[in-house]
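Okay, so here's the structure we're looking at.
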Amino acid sequence: MICRKCGCLIERGAKTCMFCGEPAEAGKEDLITRAMGDVEGASRELPPLVPLAPLAPVPATREETITELRRLKKYFAQIDGTYDVLEDLWAKETAWKEPSLLHWLIGGGLGAALLYVLIGIHLPYAFLSLFFIVWGAITVMGYVRGGRSYEKGRLQYERDVRVLENEIRAYYNRADRCFLPLDYTGQAVLRELIEGLDSGMIASFEDYRINH
């Protein structure tokens, strides 16, 4: 909520403004929550996730399994770049952070103080409330804009991830006689399987699944 007297931000649940003591206006809608909600709208919904096709039976012998794995490895190598892009997107997600109200509160206070020193200090003492009004305005506008930017980026990220996931799933569903779960179709996993079965380090595909 925003103080109707000095314009500063009032924490949810607070009874009075911590800066000027003005009672909080009961029932007033949270400006930040409302403003952030405006960015969502009808386009929020993601495309549905493509369902996966059922798995084919695992080949009966180790030799047949190696042959099929080599065939599938060649098939899934065609989409290996898409896997890399999807992994890059997953990695970028960990670097995203929601805007911090505390940081904007501190930054808004410093900005308002600088502005008051440059301009407000020459005004009569009665205009001291200008400091709090500017502080509240910088904090609210900065936090709301940061929240909108974060929400917009997050929604775009989710759409990009879903598009790539569906592309991979559709390609996976077109694989002939695929007995591998989707998580096992990366080139590194397929190479480990083939080398392990070929050398005898892995007894069978089922043993590999149990141990992983």
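The values are calculated or read from the model by the stated rules, or taken from the named source; none is laboratory data. Everything numeric in this text was worked out from a predicted model, so none of it was measured. Every residue, glycine among them, receives a Cβ derived from its backbone with ideal geometry; neighbour counts consider all protein chains shown. These accessible areas exclude ligands, DNA and RNA; they are computed on the full protein's heavy atoms, side chains included. Shrake-Rupley method; radii C 1.70, N 1.55, O 1.52, S 1.80 Å.
Local charge for Ala175 was computed over the other residues whose Cβ lies under 12 Å away, with Lys and Arg +1 and Asp and Glu -1, and equals +4. In order along the range 175-184, the Karplus-derived 3J(HN,Hα) couplings, from 6.51 cos²θ - 1.76 cosθ + 1.60 at θ = phi - 60°, round to 5, 7, 6, 8, 9, 8, x, 4, 5, 9 Hz, and Gly and Pro are given as x.
Here the extension length gained between Arg70 and Glu195 equals 44.0 nm, from 0.36 nm per residue of separation less the Cα-Cα distance.
Counting 0.36 nm for each residue step from Trp90 to Arg154 and taking away their Cα separation leaves a gain of 21.9 nm. Stretching Val163 away from Ser204 to a fully extended chain increases their span by 11.3 nm, per 0.36 nm per residue minus the current alpha-carbon distance. Against the criterion of solvent-accessible heavy-atom surface with a 1.4 angstrom probe, Leu182, Leu101, Leu86 sort, most first, into Leu101, Leu182, Leu86.
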